[in-house]
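The structure's right below; bear with me while I get my questions together.
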Amino acid sequence: MKILLVDDSRAIAMITTARLESFGHEVRHAINGPTAIELFQKESFDLILMDIEMPGMNGFETTTRIRSLEGHEQWAWTPIIFVTATDSDDNLVTAIEAGGDDFISKGVAESVLQAKMKAMSRIATLRSRLAQANNRLQDQANHDGLTGLYNRRAMDMRVDLLWESAVQNGYSFGLLMIDVDHFKKYNDHYGHLAGDDCLCKVAARLEEVAEQINAEGWARGVFAARYGGEEFAIVIPEAGVDGHQRAGKLVVDAVAALNLPHEKNEAGRVTVSVGAIRVMPAVGWVKETFRMADDLLYEAKSGGRNRCVAN
């Protein structure tokens, strides 16, 4: 385990560290409460051993502050064991109310300390497995099951945050709405399995375009999402003056370059139509931006498809 040891006595900390390291654990020492909080915010720990009596901020207050850290999810899973020379009933009650999970004395026998650490190691292992499972579930909840891109729900959540930031800071906001041309005809002609494969290949190419834009640095935080059916979106925060137009052309050319046969499409291959919009500065409601991008997409489709129409 990785253990955070909080103790104002360097001598005691050295002895405790040596004992814990002899059991095979990694130990980081914090000399006081503020240092412990700072370390906890920077690193992940499997266990905290917290001294109670410390000058300034004692162990109870330090624990309370750790447990109340906003946006710091690991606190809920990190056991805190108080270490003290006075294991009175009052201390035990205060320790639990502060957010502690256990209580041991500073002079605890080697065998008892080792047994406690074995129990905490089992908890740490279960914690790790649960975190991995939660991450997988979160990933599944945020990504489209077919294409692997962000799904509509995850896109909406990210867009809301990016739009709010753009409005507050006077930034621009770019958006591409993308539709696979004559996709219903593709499905009817080639079959739904081929249609799924087509969508996956188009999605992969859109993700490559987003990554290319980010890598080249002419926009930041660009990402692709499946909007629904055969419709996709690429969000371009802080788009430059012609960034949305440039991105739209990249998308049209990149998908056409796949050379996927489509006998029922004018071009004879799979193509996309794109509506590209940039608002500078971002004002009003983001839904209006999506509506305007959708109108531009309609223009691209009405104008012959396999093209980008930008504002």
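Of all residues in region 261-283, which are surrounded by fewer than 18 Cβ atoms within 10 Å (Cβ to Cβ) and in contact (Cβ under 8 Å) with a residue 12 or more places away in the chain?
Residues of region 261-283 that are surrounded by fewer than 18 Cβ atoms within 10 Å (Cβ to Cβ), as a first pass: 261, 263-264, 266-269, 280-281, 283.
Result: Glu263, Lys264, Glu266, Ala267, Arg269, Met280, Pro281, Val283.
Give just the number: which of (1) farther than 23 Å from Arg220 by Cβ; (2) in contact with a His (Cβ under 9 Å, 6 or more places away or on another chain); (3) hydrophobic (A, V, I, L, M, F, W, C) does Leu149 not satisfy?
Among (1) farther than 23 Å from Arg220 by Cβ; (2) in contact with a His (Cβ under 9 Å, 6 or more places away or on another chain); (3) hydrophobic (A, V, I, L, M, F, W, C), the lone unmet condition for Leu149 is (1).
Among the numbered conditions (1) of a type outside the set (S, T, N, Q); (2) out of contact with any helix residue (DSSP H, G or I) (no Cβ under 6 Å at 6 or more places or on another chain); (3) in contact (Cβ under 8 Å) with a residue 60 or more places away in the chain, tell me where Leu47 comes up short.
With respect to (1) of a type outside the set (S, T, N, Q); (2) out of contact with any helix residue (DSSP H, G or I) (no Cβ under 6 Å at 6 or more places or on another chain); (3) in contact (Cβ under 8 Å) with a residue 60 or more places away in the chain, Leu47 is out only on (2).
Quick test for you: out of Ala257, Ala225, pick the one residue that is more than 16 Å from Leu146 (Cβ to Cβ), small (Gly, Ala, Ser) and in the same structural domain as Ala300 (by TED's automatic domain parsing).
It is Ala257.
Given Leu199, Leu162, Leu206, Leu176, which one is more than 20 Å from His244 (Cα to Cα), surrounded by 14 or more Cβ atoms within 10 Å (Cβ to Cβ) and touching a residue at least 40 places away in the same chain (Cβ under 8 Å)? Talk me through it step by step, then tell me what you get.
Details: Leu162 fails: more than 20 Å from His244 (Cα to Cα); Leu206 fails: more than 20 Å from His244 (Cα to Cα); Leu176 fails: more than 20 Å from His244 (Cα to Cα).
Every option except Leu199 fails the conditions.
Looking at region 292-299, can you tell me whether even one residue there is under 20 Å from Leu162 (Cβ atoms) and in contact with a Leu (Cβ under 7 Å, 6 or more places away or on another chain)?
Yes, region 292-299 has at least one match.
Can you tell me which residue in region 130-155 is modelled with the lowest pLDDT, limited to those that are surrounded by 12 or more Cβ atoms within 10 Å (Cβ to Cβ) and aliphatic (A, V, I, L, M)?
Per the criteria, the residue is Ala131.
Just name the residue that is modelled with the lowest pLDDT out of those in region 265-311 that are out of contact with any Gly (no Cβ under 7 Å at 6 or more places or on another chain), under 14 Å from Glu231 (Cα atoms) and among the hydrophobic types (A, V, I, L, M, F, W, C).
Only one residue fits best here, namely Phe290.
The values are calculated or read from the model by the stated rules, or taken from the named source; none is laboratory data. In this text, all values refer to a predicted model and were calculated from it rather than measured experimentally. Positions of Cβ are backbone-derived with ideal geometry, glycine not excepted, and every protein chain shown enters the neighbour counts.
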